[in-house]
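These notes are about the structure you will find just below.
The values are calculated or read from the model by the stated rules, or taken from the named source; none is laboratory data. Please read all numbers here as calculations on a predicted model, not as lab measurements. Methodologically, a virtual Cβ is constructed for each residue, glycine included, from the backbone with ideal geometry; neighbour enumeration extends over all protein chains shown.
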Amino acid sequence: MRKRLILWTLMTSALVAITVWTMLGPPDQPSGLRLPSRTAAAR
């Protein structure tokens, strides 16, 4: 039962990671887009 639970959690976490990756794109893109917005907001 434990092996199934571990496999289930790994699969769900992988699916969530893939969905987030497809929605937001690679982690480099959102961070690069957020920096200009912060500087514009500060001004």
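So the values come out like this:
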{"quantity": "Single unsatisfied condition, K3 versus (1) exposed (fewer than 10 other Cβ atoms within 10 Å of the Cβ); (2) at pLDDT below 90", "calculated": "(2)"}
{"quantity": "Top-ranked residue in the stretch 7-34 [being surrounded by 10 or more Cβ atoms within 10 Å (Cβ to Cβ) and among the polar types (S, T, N, Q); ranked as modelled with the lowest pLDDT]", "calculated": "Q29"}
